[in-house]
1. Of the numbered conditions (1) closer than 17 Å to PRO2 by Cβ; (2) touching a residue at least 40 places away in the same chain (Cβ under 8 Å), GLY69 satisfies every one except a single condition; which is it?
2. Looking at the range 5-57, which of its residues are touching a Phe, Trp or Tyr at 6+ places or on another chain (Cβ under 6 Å) and open to solvent by 60 Å² or more (accessible area, probe 1.4 Å)?
3. Looking only at the range 48-100, how many residues end up being aliphatic (A, V, I, L, M) and under 11 Å from the mean Cα position of the chain (by Cα)?
4. Given the options THR18, THR6, THR60, name the one that is touching a residue at least 40 places away in the same chain (Cβ under 8 Å) and of a type in the set (S, T, N, Q).
5. What is the residue count in the range 45-100 for residues that are under 18 Å from GLU34 (Cα atoms), in a loop (DSSP other than H, G, I, E, B) and basic (Lys, Arg)?
6. Could you list, in sequence order, all residues of the range 31-61 that are within 21 Å of ASP15 (Cβ to Cβ) and either at pLDDT below 95 or not charged (D, E, K, R) (or both)?
7. In the range 62-93, how many are under 16 Å from ARG9 (Cβ atoms) and in contact with a Pro (Cβ under 7 Å, 6 or more places away or on another chain)?
8. Return the residue satisfying two criteria in turn: it lies in the range 58-100 and is within 25 Å of ARG23 (Cβ to Cβ) and touching a His at 6+ places or on another chain (Cβ under 7 Å), and of such residues it is least open to solvent (accessible area, probe 1.4 Å).
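The values are calculated or read from the model by the stated rules, or taken from the named source; none is laboratory data. Keep in mind that this is a model prediction, so the values were computed, not measured. Using ideal geometry, Cβ is built from the backbone for each residue, glycine included, and neighbour counts are taken over all protein chains shown. Surface areas here come from the heavy atoms of the whole protein model, side chains and all, with no ligands, DNA or RNA. Shrake-Rupley method; radii C 1.70, N 1.55, O 1.52, S 1.80 Å.
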Amino acid sequence: MPTYETLPRFATDLDRLTPQQRRRFRQTVAAFVEDLRTGRFRPGLRVKRVQRAPGIYELTWSMGAGPAGRATWEYGPEHRPGDQHIVWRRIGDHDILNQP
């Protein structure tokens, strides 16, 4: 099971989301964690590197009406041998990519 941590900015961003947007993120993370275990991300998660930000990735999903949801993250040092460690950096819409 992967481990994770959140940066303070992520927590602030998360508080700004509606309950429905947070629920959609949690659903997306369930698929993300499953894919971390297999080592291959499904196309629907739209995981890709953030341009001009080495080592940072974005995860994109539908938040229903309005812009797509995005979260930025990076791999951190393992906390348990053999388990990926994820550092969640930002969450919101496309604007978070200005400071991922």
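1. (1)
2. Of everything in the range 5-57, those that are touching a Phe, Trp or Tyr at 6+ places or on another chain (Cβ under 6 Å) and open to solvent by 60 Å² or more (accessible area, probe 1.4 Å) turn out to be THR6, ARG49.
3. 6
4. The match here is THR6.
5. 2
6. Listed by number, the residues that qualify are PHE32, LEU59, THR60, TRP61.
7. 5
8. The selected residue is HIS85.
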